[in-house]
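The values are calculated or read from the model by the stated rules, or taken from the named source; none is laboratory data. Remember, it's a predicted structure, so these values are computed and weren't measured experimentally. Methodologically, a virtual Cβ is constructed for each residue, glycine included, from the backbone with ideal geometry; neighbour enumeration extends over all protein chains shown.
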Amino acid sequence: MVLPDSSRSGAQPGVVHLGLGAFHRAHQALVYERLLAGGDSRWGVVGVAMRSTQLADDLAAQDGLYAVQIADAGSVRWEIPGALLRTCVAARDRQQVVDAIAAPAARWITLTVTEKGYTPDLAALIVDGLGRRKASGLPGVTVASCDNLSDNGRKLQALCMSDATARDPALAAWIEARCAFPNSMVDRIVPAATRAQYDAAAAALGVDDRGALSTEAFWEWVIERRMADPSDAALLAQAGVTVVEDVKPFEDAKLRMLNGSHTALAMVGAVQGWATVADGMAVPGVRRFVYAFMTRVAMPSLKRPGLPDYRDALLERFANPHLHHRAHQIASDSSLKIPLRWGPALRDALAAGREIEPLALACAAWMRYLRGEDEAGRPYTMSDPQADALQALARQHAGDVESTVRALLSVATVWPAGYADDPRWAPRVAHWLRRIESAGMAAALDEVVAG
């Protein structure tokens, strides 16, 4: 078991992290812990839960300490990071968040608020703190989005600059000149915590841990060399972060290969009734489908170095039996994820006249998933901001494959205009939806792999 370094007692709150979920606590928090353990006291974290008072309060009661189980096929170990110095809740303690951003010790703001969290309210929160820094004569900070959004740093910068410009052009100019908004890509599979995980932590630690998590051994953080303090690049690199001039090749590979195939797996798994992704990956036909999705759909237009090795590592990571990553958790918010995870690969494949069959089957699986029950007739609840509207469409057109495909491909928030009538795409989705309904998901997977 790895315990927090004794330097925690002198740690300064140099990082304000927005989005105190499982991912941050099993990923960036461990990077900051490495920096603290190396003797740099500037990397302590103020962790901001956006809404969850229970999580923030549970962690506060534990002095910010919690256990992370790091497991793969070869080993299982526990680590207790000590980087989290204090917690607060944006919805309840907004002024505390602004104060933390405006504090002299603050140097970085990092975010894992999910794709749907990038709103004007988020920008207003950040800009309130940055405005206080300007007024106090403090230096700018690095503001790093770590969410699954293409060009995430520029998107966050545009959101903040819009807010600042509307308030005060001088503030906008200060942010432009003094703050940095690097693009970044983060990767580690971190399932939502479960009662079983809490029980495992209690057995290992001998104490009740309401913040316990599990994750895999693999982790990656790729960040653009664009920082308010340029010397931070070398420090992060020493802690294992990859600092590059252009994040896009890594970002594209993750979105299309990991996230894209993960969403495809989740749709297939929800319909077939698996509990976890690892359950599905134990089925040879499912593993072959994921291989085909990555190789035939995602990889041809990507530029990340070492793509075959990256693909093979992903297959092993998905099969990790220790993670218990629920199919329905990954399927959540699919209407927001599909445009980012499948859309670019589909666009490129159609433009180049390349293969689309595994992606067409994944789309058909999504349409079948919208019906709200698996192949055994067991009902489930969708977690999606458009769940009611999408499920109403799926049920309205049930029994008519072509009508279902046309209606769902016409949802403008999910699919670009014209896809419902595209002769290269819509008929192939209809074909696979028909096969799923007539022969079952397993047979359809075998057919698409064989094709």
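Which residue is surrounded by the most Cβ atoms within 10 Å (Cβ to Cβ), if the candidates are limited to the stretch 295-304 and must be among the charged types (D, E, K, R) and part of a loop (DSSP other than H, G, I, E, B)? Per the stated criteria, the residue is ARG304. Pairs are defined by a Cβ separation below 8 Å, a sequence spacing of at least 6 or placement on different chains, a first member in the stretch 86-106 that is without any contact (Cβ under 8 Å) to a residue 12 or more places away in the chain and under 13 Å from LEU55 (Cα atoms), and a second member that is among the basic types (Lys, Arg) and buried (at least 21 other Cβ atoms within 10 Å of the Cβ); no pair meets this definition. In the stretch 368-386, what residues are in contact (Cβ under 8 Å) with a residue 40 or more places away in the chain and closer than 23 Å to GLY343 by Cα? Within the stretch 368-386, ARG368, TYR369, MET382, SER383, ASP384, PRO385, GLN386 qualify. Residues considered: ARG378, ARG424, ARG434. Of these, the only one that is under 28 Å from ASP252 (Cβ atoms) and either out of contact with any strand residue (DSSP E or B) (no Cβ under 7 Å at 6 or more places or on another chain) or surrounded by 15 or more Cβ atoms within 10 Å (Cβ to Cβ) (or both) is ARG424. Candidates are the residues of the stretch 227-249 that are farther than 30 Å from ALA67 by Cα and without any contact (Cβ under 8 Å) to a residue 12 or more places away in the chain; the one that is surrounded by the fewest Cβ atoms within 10 Å (Cβ to Cβ) is SER231.
Going through the stretch 201-218 one residue at a time, which ones are touching an Asp or Glu at 6+ places or on another chain (Cβ under 7 Å) and touching a residue at least 12 places away in the same chain (Cβ under 8 Å)? If the condition is that a residue be touching an Asp or Glu at 6+ places or on another chain (Cβ under 7 Å) and touching a residue at least 12 places away in the same chain (Cβ under 8 Å), then ALA201, ARG210, GLY211, GLU216, ALA217 are the ones that fit.
Among the residues of the stretch 30-48, are any touching a residue at least 60 places away in the same chain (Cβ under 8 Å), closer than 17 Å to ALA201 by Cβ and not aromatic (Phe, Trp, Tyr)? Within the stretch 30-48, one or more residues are touching a residue at least 60 places away in the same chain (Cβ under 8 Å), closer than 17 Å to ALA201 by Cβ and not aromatic (Phe, Trp, Tyr).
Of all residue pairs spaced 6 or more apart or on separate chains, those with beta-carbon atoms under 7 Å, a first member in the stretch 411-427 that is under 18 Å from LEU361 (Cβ atoms) and in the same structural domain as LEU359 (by TED's automatic domain parsing) and a second member that is polar (S, T, N, Q) and part of a loop (DSSP other than H, G, I, E, B) are ALA420/SER410.
Restricting attention to the stretch 414-438, the residues that are acidic (Asp, Glu) and within 25 Å of LEU336 (Cβ to Cβ) total 2. The number of residues in the stretch 75-123 that are over 23 Å from the mean Cα position of the chain (by Cα) and of a type in the set (D, E, K, R) comes to 7.
Exactly one residue among LEU323, LEU314, LEU307 is crowded, with 19+ Cβ neighbours inside 10 Å, modelled with pLDDT of 95 or more and not assigned by TED's automatic domain parsing to the domain that holds TYR198, and that residue is LEU314. Of all residues in the stretch 83-97, at least one satisfies being modelled with pLDDT of 95 or more, touching an Asp or Glu at 6+ places or on another chain (Cβ under 6 Å) and not in a helix (DSSP H, G or I).
Within the stretch 21-43, being within 18 Å of the chain's Cα centre (by Cα) and part of a helix (DSSP H, G or I) holds for ALA22, PHE23, HIS24, ARG25, ALA26, GLN28, ALA29, LEU30, VAL31.
Evaluate the stretch 44-56: report whether one residue or more is over 22 Å from the mean Cα position of the chain (by Cα), surrounded by fewer than 18 Cβ atoms within 10 Å (Cβ to Cβ) and not in a loop (DSSP other than H, G, I, E, B). The answer is no, given that none of the residues of the stretch 44-56 is over 22 Å from the mean Cα position of the chain (by Cα), surrounded by fewer than 18 Cβ atoms within 10 Å (Cβ to Cβ) and not in a loop (DSSP other than H, G, I, E, B). Checked against (1) in the same structural domain as ASP151 (by TED's automatic domain parsing); (2) in contact with a helix residue (DSSP H, G or I) (Cβ under 7 Å, 6 or more places away or on another chain); (3) not acidic (Asp, Glu), PRO230 passes all but condition (2). For the residues ALA407, ALA442, the requirement of being more than 23 Å from SER332 (Cβ to Cβ), among the aliphatic types (A, V, I, L, M) and in contact with a helix residue (DSSP H, G or I) (Cβ under 8 Å, 6 or more places away or on another chain) singles out ALA442. Scanning the stretch 213-226 for residues that are surrounded by fewer than 20 Cβ atoms within 10 Å (Cβ to Cβ) and among the hydrophobic types (A, V, I, L, M, F, W, C) returns ALA217, PHE218, TRP219. For the stretch 269-279, check the following and say yes or no: at least one residue is within 19 Å of LEU409 (Cβ to Cβ) and either surrounded by 23 or more Cβ atoms within 10 Å (Cβ to Cβ) or touching a strand residue (DSSP E or B) at 6+ places or on another chain (Cβ under 8 Å) (or both). Scanning the stretch 269-279, I find at least one residue that is within 19 Å of LEU409 (Cβ to Cβ) and either surrounded by 23 or more Cβ atoms within 10 Å (Cβ to Cβ) or touching a strand residue (DSSP E or B) at 6+ places or on another chain (Cβ under 8 Å) (or both), so the answer is yes.
Each row is one residue, and each column tells you yes or no for (1) within 19 Å of ARG225 (Cβ to Cβ); (2) surrounded by 15 or more Cβ atoms within 10 Å (Cβ to Cβ).
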{"position": "ARG132", "(1), (2)": "no, yes"}
{"position": "LEU138", "(1), (2)": "no, yes"}
{"position": "SER145", "(1), (2)": "yes, yes"}
{"position": "ASP163", "(1), (2)": "no, yes"}
{"position": "ARG167", "(1), (2)": "no, no"}
{"position": "ARG178", "(1), (2)": "yes, yes"}
{"position": "PHE181", "(1), (2)": "yes, yes"}
{"position": "VAL186", "(1), (2)": "yes, yes"}
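When you check ALA200 against the structure, is it under 20 Å from GLY21 (Cα atoms), surrounded by fewer than 22 Cβ atoms within 10 Å (Cβ to Cβ) and of a type outside the set (D, E, K, R), yes or no? The answer is yes for ALA200.
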